[in-house]
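Asks: Pasting in a structure now, in structure tokens, and then I'll have a few things to ask.
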Amino acid sequence: MAGSYGCNELALLPKSPLLITESENEFESLRSALVQEIEPRRIVEHIYVADIADIIWESRRLRRCKAAMINIVYQGSLRDLLYDVSKLDHQEAGALAEDWFTDKKAKKQVKEILSQFQLDESAIEAEAIKSLAPELEMLDRMLTTLEGRRHRAIRGIAEYRESFAKKVRESSDRIIEGNPVVRLENPNGQKSA
């Protein structure tokens with residue numbers, strides 16, 4: 001790992017909660033890539049990087065969730081669309097919507113019905129998204145919140161590094177000017193050099 005902290009200090013970082021369908025190896029690859037890119041130097045920076053990894057992972061999870069939700073309601077949305085725009089009754093529209101997934105003839109028939117109304121298969125997506133609008137809006141708000149957290153964590157690293165750099169500059173200036181350097185005590189009560 002990059003930086004001056006070793007495995008013992010990094011073991012203090014909390015393990016990220018993954019869903020049973022998620023790969024720990026993929027998550028660790030993401031975290032490792034971030035560590036390599038950001039090169040955290042101290043435990044505080046490692047904490048920020050771990051938080052950024054969690055945020056990115058959760059954002060990806062929510063985006064997958066949005067797609068899955070739309071796919072789940074696709075058949076019902078197609079059924080409702082066919083019922084609304086054609087002369088098919090609810091049962092016929094439902095059977096055709098079910099067959100659309102596996103039968104080329106059904107797919108062609110749906111395409112022909114939709115084209116009579118200047119629609120194409122994107123109308124099915126629109127119907128699915130419309131039916132999930134409140135849920136998708138909630139996920140978008142969650143994604144926006146995560147994006148804000150990610151930006152704050154990145155800004156936190158930058159501010160931490162700037163603060164540390166300022167302390168180093170001030171200490172080196174005092175040494176150059178011949179002023180005493182503030183000595184910090186270590187946990188054993190001994191003054192550091």
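Asks: Quick one: go through region 40-70 and flag any residue whose amide nitrogen is under 17 Å from the point 7 Å out along the Cα-to-Cβ line of F164.
Replies: 40-52
Asks: Based on the Kirkwood radius over alpha-carbon pairs, what is the Stokes-Einstein translational diffusion coefficient of the chain at 25 °C with 0.890 mPa s viscosity, in µm²/s?
Replies: Translational D for this selection: 113 µm²/s.
Asks: So, for region 123-172, what is the accessible surface per residue at a probe of 1.4 Å, expressed in square angstrom? Walk me through the intermediate numbers first.
Replies: Working: 3220 Å² over 50 residues.
Result: 64 Å² per residue.
Asks: Round to a whole angstrom and tell me the spacing of the C-alpha centers of region 92-151 and region 164-178.
Replies: 61 Å
Asks: Still on this structure, I have one more. Per residue, how much accessible surface does region 17-117 expose to a 1.4 Å probe? Answer in Å², no decimals. Mind dumping the intermediate values first?
Replies: Values: 6330 Å² over 101 residues.
That works out to 63 Å² per residue.
Asks: Got a sec? What order do Y48, Y83 fall in by accessible area at 1.4 Å, biggest, i.e. largest, first?
Replies: Y83, Y48
Asks: Show me the helices of the chain, taken as full DSSP H stretches, that run 30 Å or more along their long axis by Cα and average -1.0 or above in Kyte-Doolittle hydropathy.
Replies: Flagged H segments are 43-85, 133-177.
Asks: Over 29 Å between Cα atoms: which of K66/K104; K66/K87; K15/K166; K15/K130 fall into that group?
Replies: Numbers: K66/K104 27 Å; K66/K87 32 Å; K15/K166 32 Å; K15/K130 37 Å.
From the list (K66/K104; K66/K87; K15/K166; K15/K130), the Cα-Cα distance tops 29 Å for K66/K87; K15/K166; K15/K130.
Asks: Take the solvent-accessible surface of the protein heavy atoms, probe 1.4 Å, and return the percent of it on the chain that carbon and sulfur atoms account for.
Replies: Carbon-and-sulfur percentage of accessible area, whole number: 54.
Asks: While we're on this one: Quick one: net charge of K107's neighbours, Cβ under 14 Å, K/R +1, D/E -1? It would help to have the intermediate numbers written out before the result.
Replies: Working: positive: K104, K105, K108, K111; negative: E98, D99, D103, E112, D120, E121.
Summing Lys/Arg as +1 and Asp/Glu as -1 gives -2.
The values are calculated or read from the model by the stated rules, or taken from the named source; none is laboratory data. In this text the structure is predicted, and so the values were computed from the model without any measurement. Don't worry about glycine lacking a Cβ; one is built from the backbone with ideal geometry, like all the others, and counts go over all protein chains shown. The accessibility values were calculated without ligands, DNA or RNA, using every heavy atom of the protein model including side chains. Shrake-Rupley method; radii C 1.70, N 1.55, O 1.52, S 1.80 Å.
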